[in-house]
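S.K.: My structure is below; once you've seen it, I'll send some questions.
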Amino acid sequence: VPLTPKQFLGYGIGERFTPHHRAVAYAEEMARRFPKQIKLLPYGQTYEGRPLLAVAVASEANLARLDDIRQNNLRRIGLLDGNVVNAPSPAISWISYNVHGNEAVSTEAFFDVLHGLLDPANALSQKILANSVVILDPDLNPDGHDRYVN
């Protein structure tokens, strides 16, 4: 069973605002607990030095072939040369949070979504992960978010 946001943070979602580094730490902890379903995708850092990170979440089968899924998708849209595999391929969903620094609950929602996707008792989540790769970016604007949180 995945660690709930409340267990990790020590408070419930909505009770207070969470700084960026705690969202990153939750993603890292969940990746340690679910290495066959989560891949962390660092993609840079902010002007103020905070890490930028996307979190790929999928079924074990889809995560094991994540790079093949990505490459085939790029071939389908003409951005990569090679033969397209015409077999059914999982959809790719990208959900990003907190583009504006003063969005009060956006990053908070990331915690609940990541937890919900990994809950083995959630039949809908299991179906979603069997048929797609979900990429979550917990905080597009960590510098602005942390200014707002503080």
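The values are calculated or read from the model by the stated rules, or taken from the named source; none is laboratory data. Keep in mind that what you see is a predicted model, and the values were worked out from it rather than measured. Cβ sites come from the backbone with ideal geometry, for glycine too, and all protein chains shown count toward neighbours. We work out accessible area using only protein heavy atoms, side chains counted, and drop any ligands, DNA or RNA first. Shrake-Rupley method; radii C 1.70, N 1.55, O 1.52, S 1.80 Å.
S.K.: Can we say Glu108 is out of contact with any Pro (no Cβ under 7 Å at 6 or more places or on another chain), among the charged types (D, E, K, R), part of a loop (DSSP other than H, G, I, E, B) and within 20 Å of Pro138 (Cβ to Cβ)?
M.R.: Judged against the criteria, Glu108 is not a match.
S.K.: Based on this model, can you work out whether Gln37 counts as over 21 Å from Asn98 (Cα atoms) and open to solvent by less than 70 Å² (accessible area, probe 1.4 Å)?
M.R.: It is true that Gln37 is over 21 Å from Asn98 (Cα atoms) and open to solvent by less than 70 Å² (accessible area, probe 1.4 Å).
S.K.: Also, quick follow-up: Mind listing whichever residues of the stretch 41-63 are surrounded by 17 or more Cβ atoms within 10 Å (Cβ to Cβ) and small (Gly, Ala, Ser)?
M.R.: Answer for the stretch 41-63, where residues must be surrounded by 17 or more Cβ atoms within 10 Å (Cβ to Cβ) and small (Gly, Ala, Ser): Ala54, Ala56, Ala58, Ser59.
S.K.: I've got another one for you. So Phe17 ticks every box in (1) farther than 22 Å from Phe111 by Cβ; (2) in contact (Cβ under 8 Å) with a residue 12 or more places away in the chain; (3) open to solvent by 60 Å² or more (accessible area, probe 1.4 Å) but one. Which box is left unticked?
M.R.: Phe17 satisfies every listed condition except (1).
S.K.: Related question: For Val84, state whether it is in contact (Cβ under 8 Å) with a residue 12 or more places away in the chain and assigned to a loop (DSSP other than H, G, I, E, B).
M.R.: Yes: the conditions hold for Val84.
S.K.: Starting from the stretch 88-107, keep only residues that are closer than 28 Å to Asn131 by Cβ, then list their pairs with residues that are small (Gly, Ala, Ser) and part of a loop (DSSP other than H, G, I, E, B) whose Cβ atoms are within a distance under 9 Å, requiring at least 6 positions of separation or different chains.
M.R.: Note: pairs meeting the criteria are Pro90/Ala58; Pro90/Ser59; Val105/Gly14.
S.K.: Here's something else I'd like to know. Within the group Leu129, Leu114, Leu79, Leu66, which residue is open to solvent by less than 40 Å² (accessible area, probe 1.4 Å) and more than 13 Å from the chain's Cα centre (by Cα)?
M.R.: Leu66
S.K.: Could you tell me which residue of the stretch 15-32 is nearest to Val113 (Cα to Cα), considering only residues that are part of a helix (DSSP H, G or I) and basic (Lys, Arg)?
M.R.: Arg22
S.K.: Select, from Leu74, Leu124, the only residue that is free of Cβ contacts under 8 Å to residues at least 60 places away in the same chain, loosely packed, with under 15 Cβ neighbours inside 10 Å, part of a helix (DSSP H, G or I) and in contact with a Leu (Cβ under 9 Å, 6 or more places away or on another chain).
M.R.: So the residue among Leu74, Leu124 that is free of Cβ contacts under 8 Å to residues at least 60 places away in the same chain, loosely packed, with under 15 Cβ neighbours inside 10 Å, part of a helix (DSSP H, G or I) and in contact with a Leu (Cβ under 9 Å, 6 or more places away or on another chain) is Leu74.
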